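Structure first, then comments.
Just so you know, all these numbers are worked out from the coordinates, no wet-lab data involved. The structure presented is a predicted model; accordingly, all values stated were derived computationally and were not measured. For neighbour counting, all protein chains shown are included, and Cβ atoms are generated from backbone atoms with ideal geometry for every residue, glycine included.
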């Protein structure tokens, strides 16, 4: 499943774009969007097609329901 993993929470995503330094995703719901764009700095992960990428949270709001994360 394609999702952002934030601690014990898993938030579904619908689209993604991966570069060497960033991952840009479209969140599937407003609750998940708010969760991954707010709060204290922390580590998270993005699982895209079974490939897991480490990221920094919170992500940057990129417009609409899109969020951009810095890879670590």
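Cα-based Rg of the chain per 2.2 N^0.38 Å, rounded to two decimals?
Working: Rg = 10.3 Å, N = 72, 2.2 N^0.38 = 11.2 Å.
Relative to the rule-of-thumb radius for its length, the chain sits at 0.93.
Considering Cα pairs under 8 angstrom that are at least six residues apart, work out the relative contact order of segment 3-67 and quote it in whole percent. Numbers along the way, then the final one.
On the way: 108 pairs, mean separation 20.6, N = 65.
Over segment 3-67, the number comes to 32 percent.
Compute a Gaussian network model of the chain, connecting alpha carbons closer than 10 Å, and tell me which residue from 59, 38, 50 fluctuates the most.
Answer for the Gaussian network model of the chain: 50.
Under the rule a/c < 1.5 gives rounded, and otherwise a/b versus b/c splits prolate from oblate, where does segment 24-63 land using the Cα gyration tensor?
oblate
What nm distance separates the two modelled labels at residue 10 and residue 72, each placed 7 Å from Cα along Cα→Cβ?
Each label point lies 7 Å from its Cα, and together they span 2.2 nm.
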